[in-house]
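Q: Following this message is one structure expressed as structure tokens.
Taken together, the values in this text are just the output of simple stated rules run on the coordinates, not laboratory data. Computed from a predicted model, the values in this text were never measured in an experiment. Neighbour counts are summed over all protein chains in view; Cβ atoms, including those assigned to glycine, are modelled from backbone coordinates with ideal geometry.
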Amino acid sequence: MGVAQKILAPLLAILLLSLMINRFSVIYATDSGADNGSWRVGGQLTLLLTLFALKFSLGDYIPATHYLTLIDALFIAIGLLVVFTLTWGIYIIHLFQSGRIELAGKLERYRNLMYSIACPVSGSWVVSFLWA
């Protein structure tokens, strides 16, 4: 099996699922005063744990070096993006639960801008390892 099938496809699937969960699991206040954010936090946390499990299960396929490789950079970048989406969702839920609904709604609208900046920046960092 090739590297793309064992490493790249699962990593890109984790990244895509993380961004889709964050985009389409919109957090909003319900009539009872609660929120519906458990879907987003639970999904992101599951993806983060899946990323760690994937890293450990691929231990034989990833060479141990004293420097960062492209595969290491991919794991780091995708891990940071998943953690970023997880913490963003937790903070938005906190704002809803503390009654600051207007601020939460405003930040929820800006999330797409944040990710449209974070993804290319982390992607360009990963691509820089192609020439290292």
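Q: In a solvent-free Debye calculation with one equal scatterer on each Cα, what is log10 I(q)/I(0) for the chain at q = 0.21 Å⁻¹, listed in the order of the q values?
A: Each listed q corresponds, in turn, to -1.19.
Q: Would you work out if segment 81-126 is rounded, prolate or oblate? Take a ≥ b ≥ c from the square roots of the eigenvalues of the alpha-carbon gyration tensor; rounded if a/c is under 1.5, else prolate when a/b is larger than b/c, oblate otherwise.
A: Details: a/c = 5.83, a/b = 2.21, b/c = 2.64.
Oblate is the answer for segment 81-126, as a/c is 1.5 or above yet b/c matches or exceeds a/b.
Q: For a protection proxy built on the mean count of beta-carbon atoms within 10 angstrom, sort 62-73, 80-91, 10-21 highest first, please.
A: Working: 62-73: 12.1, 80-91: 18.6, 10-21: 17.1.
Most protected by this proxy first, the peptides run 80-91, 10-21, 62-73.
Q: Would you please classify the overall shape of segment 33-102 from the alpha carbon gyration tensor, given that a ≥ b ≥ c denote the square roots of the eigenvalues, rounded means a/c under 1.5, and beyond that prolate means a/b larger than b/c while oblate covers the rest?
A: Details: a/c = 5.73, a/b = 2.76, b/c = 2.07.
It is prolate, given that a/c is not under 1.5 and a/b is the larger ratio.
Q: Hey, got the dipole for segment 49-126? About the Cα centre, +1 on K and R Cβ, -1 on D and E Cβ, debye to the nearest 20? List each step's numbers first, then the result.
A: Details: 5 positive and 4 negative charges, 58 e Å.
Using only the charged Cβ atoms, the result is roughly 280 debye.
Q: Take each complete run of DSSP H in the chain, measure how far its Cα atoms stretch along the helix's own axis, and keep only those covering 27 Å or more with mean Kyte-Doolittle hydropathy at least 0.0; list them. Please report the intermediate quantities before stating the final value.
A: Details: long enough: 38-57 (28 Å, 0.89); 70-97 (40 Å, 1.99); 101-127 (39 Å, 0.34).
Helix filter hits for the chain: 38-57, 70-97, 101-127.
Q: Now for a different question. Any idea what the relative contact order of the chain is, in percent, if you count C-alpha pairs under 8 Å spaced at least 6 apart? Before the final figure, lay out the partial values.
A: Details: 98 pairs, mean separation 40.7, N = 132.
Relative contact order here is 31 percent.
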